[in-house]
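Here is the structure we will look at.
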């Protein structure tokens, strides 16, 4: 059995007081045989004094990342640190942080980090919880593809680091007191665990019914739809206005072959040859449509996801990673967090944590019910224990 505990602080200047506040919210005497931590925090907490002291005081390892805002039953806000503790007698945990993914062969570094941690178990891990870096020259989708191939499709859940502004310089990943900007952190879970994964990007009414088929692509580069350049298809067939050198704040909805539920991806850039750079894999044979993200669609999709969480029957813990774009686009930025708090009744139904990622990592089921790892944008993703 897995038990989840949470703690929260906004005290960053007085390190001792902040650590004491966290420790007061966790019953260390109730920890089971194996325990591990997951941290979401504001950039202000990323200094050796706080994280190093937290590592000294906590009797378990942890991984974490910076995020735009966090919530759990003890509090919510932007300038905060939220700690999640997973503890179990039956499950084993192992944490690891890779070497730099931005300086050389990221595939090699991901393989080395994963294999070094996985070999400490007998058999394969059951689940990977991860924190991705936010890098200029290496996309989250590329990191995801490498990790998925390396682990052989073991379910992966997590997100990419963010900050309260768009600066890459303030996005950090860490394992214990090892603070990095360009590395991947992982928590490997080994043993009997069967989480429920839930992803909702947009309500159906916010997705155009008109779909085209991807006829040419390369990884995250969408070249042709229905045999014509992707930009031409979007402009002529869907009426989408493209502005040179400007990202399109419109989700591309991708229907992967054999996957009933679509995945929302960002459109990052357009090339002179008519191709489009996307936030995730766009394989040939998949179908695409255009979605519309609005305040109403954000709140409706969050409510739908939380209803599915409550109806899945699991109550040991909830982890949420939502897209940072959703937070930014809300008139009242904390509306989605407030909805989580109210729907889960501030922890009375189950312990929970939520943060915002620059890319959401969550498996989806194919038509045969088999989990397939996916990288998402604009999405509310949940892992329920």
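What follows draws every value from the coordinates through simple rules; no lab data is involved. Remember, predicted model here, so these are calculated numbers, not experimental data. Note: ideal-geometry Cβ built from the backbone for every residue, glycine included; neighbour counts use all protein chains shown.
For the range 208-290, what is Rg from Cα atoms divided by 2.2 N^0.38 Å, rounded to two decimals?
0.95
What value, in deg cm²/dmol to 500, does the helix sum -39500 (n - 2.57) over DSSP H runs of n ≥ 4 give at 222 nm once divided by the residues of the chain?
Working: 7 runs with 77 residues, N = 385.
Computed mean residue ellipticity for the chain: -6000 deg cm²/dmol.
Just to verify a number: FRET efficiency for residue 115 and residue 136, C-beta to C-beta distance, R0 = 25 Å, to 0.05? Don't jump to the answer; show the numbers that get you there.
Working: r = 27 Å, r/R0 = 1.09.
It comes out at approximately 0.35.
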In what sequence, highest mean first, do 77-89, 349-361, 370-382 appear when ranked by Cβ atoms within 10 angstrom? 349-361, 370-382, 77-89
In whole Å, largest first, the alpha carbons of the range 1-113 cover along the principal axes 42, 36, 23
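Ranked highest first by average number of other Cβ atoms within 10 Å, how do 216-224, 2-10 line up? Don't skip to the end; give the middle numbers.
Values: 216-224: 18.6, 2-10: 20.2.
The packing order, highest mean first, is 2-10, 216-224.
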Between residue 1 and residue 78, what is the spin-label point distance in nm, taking each point 7 Å from the Cα along the Cα→C-beta axis? 4.1 nm
Using only Cα atoms, find the angle between the long axis of helix 295-311 and the longest principal axis of the chain, and express it within 0 to 90 degrees, rounded to the nearest 10. 60 degrees
Pull out the extension gain between residue 28 and residue 310, defined as 0.36 nm times the separation in residues minus the alpha carbon to alpha carbon distance; nm, one decimal. 98.7 nm
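Which percent, nearest 5, of DSSP beta bridges in the range 78-191 are antiparallel? The partial results should precede the final answer.
On the way: 14 of 19 bridges.
Antiparallel bridges: around 75 percent, rounded to the nearest 5.
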Quick one, which of [x] 69, 51, 40; [y] 63, 42, 40; [z] 81, 60, 44 is the actual Cα extents along the principal axes in Å calculated for this model? [y]
Separation of the residue 330 and residue 47 label points, Cα + 7 Å toward Cβ, nm: 2.9 nm
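What ranking do 324, 36, 341 get, fewest neighbouring Cβ atoms within 10 angstrom at the top?
Starting with the residue having the fewest Cβ neighbours, the order is 341, 36, 324.
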